[in-house]
1. Of (1) 6.6; (2) 10.6; (3) 6.1, which is the value of mean projected area of the Cα convex hull in nm² derived from the coordinates here?
2. Let's test the formula: R0 of 35 Å, r as the Cβ-Cβ distance of residue 85 and residue 41. What FRET efficiency results, to the nearest 0.05?
3. When only C-alpha pairs under 8 Å and at least 6 residues apart count, what is the relative contact order of the chain, in percent?
4. Express in nm, to one decimal, how much length is gained between residue 14 and residue 53 on full extension, taking 0.36 nm for each residue of separation and deducting their alpha carbon distance.
Amino acid sequence: MENTLLQEEQTELRLGQELYEMTQTPGFQILKTWFEDMAFHSWVDPREIDGDNGKSEWEWRELNAFHAANNAKEILERIQQMISRAEYLDQKKKGEVKVRPMKV
């Protein structure tokens, strides 16, 4: 027995399905590799830093590398969260997930 989803849930389902389809393309696999490299292999080479402000320059670059890595990781996590939510909503729509009313 199929369940009817709320409008917001229908939108989430559609967006998650579209993101899943995007992840199956060769182009996304390239982006995913870049994001993973950025997220988990970013560091600043201190040998590239010289001059009077070497320490502050290195700290500035390291801070920027940290934020770029964090953003890349968050993008990948958000995509996976949206896909997982769509999978759940699809199961809910098909009646594979029992929906119990909340007691307040």
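1. Looking at mean projected area of the Cα convex hull in nm² for this model, the match is (2).
2. On the way: r = 28 Å, r/R0 = 0.81.
With R0 = 35 Å, the Cβ-Cβ based efficiency is 0.75.
3. Working: 75 pairs, mean separation 50.4, N = 104.
For the chain, the relative contact order is 48 percent.
4. Values: separation 39, 0.36 × 39 = 14.04 nm, distance 5.07 nm.
Gain in length upon complete extension: 9.0 nm.
Bear in mind that the values in this text are calculations on the coordinates, not laboratory data. Remember, predicted model here, so these are calculated numbers, not experimental data. A quick note on method: Cβ atoms are made from the backbone with ideal geometry, for glycine too, and the neighbour counts reach across all protein chains shown.
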